[in-house]
Each structure stands twice: as C-alpha cells, then as structure tokens.
Amino acid sequence: MSQVFRLDRRAVGKISLLTAIFYFSAYFYRFFTLGYAHDSLLIDQSIDMTWQIQLGRFLQPVYLLFRGDIAVPYLIGLLAYLYLAAAICLVVDLLSLSSTLSISLVCMALCANTTLTRLHGTFHMMADSYMLALLLSVLCVFVAVRLRHGVWLAPVLLCGSAALYQSYVPVATVFFLILLVHHALDGFSFRALLLRGVRYLGVLIAGLVFYSLCLRVVYALTGQTAADSYNGMAGMGNFEGYSIVDLLRRAYLFPFEKMARPQTAFPCAAAAAYGFLLLFSLAAVCYLLHARRIALPCAALTFVFLLLVPFGANFIYLLSKGMVHDLMIYAFFFCAVLPISLADRLRPLAGKAIRLAVPLAACCLSLVYFSDAIFANQFILRRDLSYNATLSTVTRMLERAVQVEGYQPGVTPVAFAGVMSDSHLYMERPGFEAINDFDFYVYSITYEQTYPWFFHMILGDPIRMADEAERMALAYSDEVLSMPVFPAEGSLKMVGETLVIRIGERYL
C-alpha cells in the first residue's frame, strides 16, 4: 500500500458508491431534465469566457477545451460526481476514517447542501468545473501533508482551484485547520504544531500570491481587465470607506448566522442540529485533550485553531467586502468534517456520555442531509416547472408579436421592459411557498440579459434584440411606462421602429 495514498481499492470503491448514493439521491433528477434557468440559459459557455476571465476564473476556458463548450446535463453531473468522489477519497484518507458510518456522514455533508442545491438548480453548466475546483483545493492539502516536498506543488494546485472558482480556496483553509486540531490530538509537540501551522499558512499565502501573479499575466496577454461588478475583482484589497474591524466581525459571525437560518426543508430542526454539532465539537476536543493528557500550551494552540475555523471558512467575505452568496459558502458545510472526524476518534472510547453523544451527532448529520436532499429535489422540480411555464409564456408572446402591425420576425428589433417575475401572470405554485425565500423567480428568465439567451438558445428563434442602450431608453420612456403589462391588450406595441413588450412593472 502506498505511503502517500493509503486507501485500498475496496475503500475507494466503498467511498465511490456512498458518494453516488448520497449525491444522486439529492440531484439525479437535474441530470435528466432541461430545467435551464438564470445564468444556465447560456448553454454555449464559450460565449461567456471573456467574462469568466474578467472575473478571475482564467482556467475556465482551458477546462472547456477538454470538456466542450456545450455539454448535456447528465455529462456535467457525471463529471461533477467523479471530481466530488475523488475529493472525498482524499478527505477520508487524510483523516484516516475507516468506519462505514464515518465515511457515510462525510459523504452526506459534502454531497448535499445549500451551495450544491443552488449550483445545480441555477448554474448547472458550471457544476463540474466547480467540483474540480473543490478537488484541486483538497488535493492541495493532501499534497502539502503527504508529500515530502509538497509545499512547492500545493500552491500551484491552490492557484488552479482559484482560477476555476475562487470560493473553494476556503475549503483548503478549513481542512488545514481541522488537520491541525488532529495533529494536536495525536500528541504533536508545541513546536511541531506551530511549525505545521506556519507551513500550512505558507502554502495558502503562496497559492494566493501565485494566483494573483498568474492573473496579471493572463490580463496582460488577453488585454482584459478585472470586472468592476458586484462579483468582480477590480476593488479587491481596496477598503476605502470600510471599517476593517467591522468586516472582520461580520466575516466571523456570518457562518453562524447562516447555520442559524439554514435554507432547507426543515430549517428549525437543521439549525438545532448545527447547534448541537458545534457544542459536540467543542466538548469532544476538550475531552480528547484531557484524555490524552495534552500539554497546556498545545491545548491552548488547539483552541486557537478551532476559533479560526469560522474565519477560515469565510475570509472571502473580508476580501469581497461582504459580497457573499450561496455559491461561495461550500466551506461552511465542509466544517461538518470536524465533528465527524472527532466522533470517529471518540467511538472506541468508553463512557456513557460518549456512547450517547456520538450516535446523537450522527443523527444530527443525517437529519441535515435528509432535510437538504428533500429541499434540493423540491427546488430542482420547481426549476423544471418554471422552465415549462417560461416556454409557454414566451410562446404566447411570440404569437402576439406577429400580430402587431409593422413587426417582422428576425428583422424588427424587440425590447423587453420589466421582468417576468413582476408580471400579472406571476404565481407561486401551491406547496412551493417555502422555496420562495431561497429563490423567488418562478420563471427561467430572470434579469433582462437572459431574454435573448432563452429565445436564441432554448427556442432557436431568430428574434432580433434591441441593443442595451436602446432598450434602457425605451424601458424608462413615458410612453412605455404608461403601457399595460403583458398579457393585457396594448402590452405589445411598436415604438418607432422597435417592438416593445412590457412584461413587468419592476426593472432590475
């Protein structure tokens, strides 16, 4: 058996099977539906690659050279599964987890959560590249820990992860901190523990510096610049007008706030489960430090590592000055690896409290998984229904458009005013009300730029869209603002040489 990768074939097979069971139970339906929505309407991803480079994800175009610009949903799901299973194998190997229960719990935590639900439901075409970013982040940790000179290769892997999607870098940070806690419980001396911490911190800093240098080279070679948008990197590192102390405080507390109000099928039960897992982790570390007679300086350093976990999972919050959304918080759910690995250490020990606490922790993790899996299936089904509803509504618009005098399909420019979510046709489906807080869009088309994507890529309709400047000018003109909203009579009207379709009173 290799001294680097220590799992045998049977263990790898078990992990692959468990990953398939828990991952596909939550998201399998998405892999065989056409529930495209929001950004995933851009089926041909090559169109978006300049924007991805501007966002700092410069390896996305390289990855698509191998996968292809257009991929069917099941292929994306299969690739995402393979990357995820490989990452879980590395996690299990580094933490020396051997029991089927512990491995199952790790699979549950990493295979179904808010981030993956949002990813597959709204940005499915990116799911495989994001899971590859996760794999590279975990591989960075694995290489740094297991290879003698791994500190030289690990930053390159971390750079690769960031160049696919920056928000999986915190996974490496959290994983390093979890390993440091286990190093302390393994009896590392204070000096050895401190040196490991410095080594891991050096890998993270070197990886981010290398990424920054590579990004500058890419911008110089391509002539692109960092995007100056809500999710862009143009303002990264510029804290003018911000209180760094306040940002640090909010970055630290945000993971707790997110876990206290989880977006899942049973939010109250899940929040209680997260609370118990937090207390369990603290109690387990205290018990193990005492049982193994760990020296006080090492114990103190262990708690420093524990206290750094929330910030390690969310340091992107500081860099982005508070701009964090569901796709950026996978590291929050990766934190569940800590109580799982601690429970695995506690299981062989005697004691009534331990015999009660460990199964209870497993039940909490199982509860969270089933809540997330149920919610994921509901959300993805709603996305599929939204796709069909959008198809029906847009077809009605096209039928009405050809009846407007002066309109020629594919020749006359068309401008949409408003968004469909503010249409008089808007209605939340009975039974799906709870999902509205997670995502209030009941149509696949969301912001204005997604309209041409739906017409051109989904319908294959040659509709000619007015340019953005003209559309904005028309949308806010008095004549258009006085128009009724679709499907009312007069909601489609020729304004000059442009057909205006007013589909909502609210604009984005």
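Could you list, ordered by first residue, the pairs with Cβ atoms under 8 Å in which the first is in region 447-472 and of a type in the set (S, T, Y) and the second is in a strand (DSSP E or B) and surrounded by 15 or more Cβ atoms within 10 Å (Cβ to Cβ), at least 6 apart or interchain?
Pairs found: Y451/F416; Y451/M465.
Any idea how many residues of region 56-96 are touching a Gly at 6+ places or on another chain (Cβ under 9 Å) and either of a type in the set (S, T, Y) or surrounded by fewer than 19 Cβ atoms within 10 Å (Cβ to Cβ) (or both)?
Looking only at that region, the number is 1.
Go through region 485-508 and give me each residue that's exposed (fewer than 14 other Cβ atoms within 10 Å of the Cβ) and farther than 17 Å from Y447 by Cα.
Scanning region 485-508 gives A488, E489, G490, M494, G496, E497.
If you check D186 against the conditions, is it over 27 Å from L288 (Cα atoms) and of a type in the set (D, E, K, R)?
no
Only one residue in R345, R293 is basic (K, R) and crowded, with 18+ Cβ neighbours inside 10 Å. Which one?
R345
Please work out if Q52 is in contact (Cβ under 8 Å) with a residue 12 or more places away in the chain and either crowded, with 17+ Cβ neighbours inside 10 Å or not β-branched (V, I, T) (or both).
no
Got at least one residue in region 387-401 being basic (K, R) and at pLDDT 85 or above?
Scanning region 387-401, I find at least one residue that is basic (K, R) and at pLDDT 85 or above, so the answer is yes.
For L17, state whether it is free of Cβ contacts under 8 Å to residues at least 12 places away in the same chain, surrounded by fewer than 18 Cβ atoms within 10 Å (Cβ to Cβ) and either farther than 30 Å from T225 by Cβ or of a type in the set (A, V, I, L, M, F, W, C) (or both).
Taking the combined requirement at face value, the residue satisfies it.
Checking the structure you have, find out if any residue of region 306-326 is exposed (fewer than 14 other Cβ atoms within 10 Å of the Cβ) and hydrophobic (A, V, I, L, M, F, W, C).
Yes, the conditions are met somewhere in region 306-326.
Picking from A227, A192, which residue would you name as being in the same structural domain as M131 (by TED's automatic domain parsing), surrounded by fewer than 22 Cβ atoms within 10 Å (Cβ to Cβ) and within 16 Å of L301 (Cα to Cα)?
Checking each option against the conditions leaves just A192.
With (1) crowded, with 20+ Cβ neighbours inside 10 Å; (2) in contact with a Leu (Cβ under 7 Å, 6 or more places away or on another chain); (3) under 30 Å from L185 (Cβ atoms) as the list, and D372 as the residue in question, which single condition is left unmet?
(2)
For every residue, the table says whether it meets (1) touching a helix residue (DSSP H, G or I) at 6+ places or on another chain (Cβ under 8 Å); (2) over 21 Å from G351 (Cβ atoms); (3) surrounded by 14 or more Cβ atoms within 10 Å (Cβ to Cβ).
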residue: E240; (1), (2), (3): no, yes, no
residue: E257; (1), (2), (3): no, yes, no
residue: F266; (1), (2), (3): yes, yes, yes
residue: F276; (1), (2), (3): yes, no, yes
residue: A283; (1), (2), (3): yes, no, yes
residue: F303; (1), (2), (3): yes, yes, yes
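The values are calculated or read from the model by the stated rules, or taken from the named source; none is laboratory data. Keep in mind that what you see is a predicted model, and the values were worked out from it rather than measured. Using ideal geometry, Cβ is built from the backbone for each residue, glycine included, and neighbour counts are taken over all protein chains shown.
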